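Coordinate-derived values only; no laboratory data. Source: prediction; values computed, not measured. We place every Cβ from the backbone using ideal geometry, glycine too, and count neighbours over all the protein chains shown.
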Amino acid sequence: MTSLAEHLVSDELWELFRRVVPETVVVRPQGGGRRRAGDRECLTAIVFVATSGCSWRQLPPVFGPAWPTVYRRFARWSQQRVWARLHRVILDELGAQGALDWSRFAVDSVSVRTLKGQLTGPNPTDRGKLGSKIHLAVDRDGLPVSVANTHDSLALQPLVMGILPVRSPRGRRRRRPTKLHGDKGYDYPYLRRWLRERNITPRIARRGVENSQRLGRHRWVVERTMSWLGGCRRLHRRYERKPEHFLAFTAIATRLINHRRLTK
């Protein structure tokens, strides 16, 4: 089980996580009491739930903490925006190494079947059944830099505004790509104007004019990243009632993708 734990949360990932969540020291003046479950054990169990897709109650006891403890830690870290802060730390490391290519970004979305919860709607690709959409913005190599959960016409602005200022090998931080590729779902005149006002060249397929296949030679990287999200089986179907928990699992999946590139 030690090898499995190291595979789920490596020493490098744990060092980055410690920058976001410092060690918690519990002092009981009266003495006694049970030992607090370790953060690394809880993080390993959370990553196992995300990648395996099992329910909280099915969490194997070999990780140490009981499933209610792991769930409470997950809910607390999600409320404290730990995953967003981890995202910033990993992106800064990638940017400092020059691993982010800002010359061309791509956006796309995937629908996830949903059983319950907020931020849902009819899925046109699944006979109108309830679903949630995950929108991703990735760099030229397919590294996810921003995530959103809304309709296509409303997702582009949050995606671009959600790109964090990232360190560069030299010079100032950067947060805007040179070009942005998208399919016809993002073809709205006001979005094109909005991108140009921010010095971003829109490369969005036009409805009834351009063939999406021509621009697809640049957008395939975001489709590949969507397939990488399939490694997080918790996203195959949404079981979370709370939208912040669903977005937290999406964030964990994208952080794992970026961390794999960081350790290559």
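Numbers at a glance
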quantity	calculated
Within segment 73-87, backbone nitrogen closer than 17 Å to the virtual label 7 Å beyond the Cα of Arg18 toward Cβ	86
In range of the label at Arg35: residues from segment 57-95 whose backbone nitrogen is under 16 Å from the point 7 Å along Cα→Cβ	62-66
Cα point-scatterer Debye curve for segment 128-204, base-10 log of I(q)/I(0) at q = 0.27 Å⁻¹	-1.49
Chain lengthening between Arg72 and Arg233 when straightened (0.36 nm per residue, less Cα-Cα)	55.9 nm
Gyration tensor verdict on segment 36-96 (Cα atoms; rounded if a/c is under 1.5, prolate if a/b is larger than b/c, oblate otherwise)	prolate
Label-point separation, Gln79 to Lys242 (7 Å along Cα→Cβ), nm	0.7
Virtual spin-label span in nm between Ala96 and Lys184, 7 Å along Cα→Cβ	4.6
R0 of 35 Å, Cβ-Cβ distance Arg88-Trp220: FRET efficiency to nearest 0.05	0.80
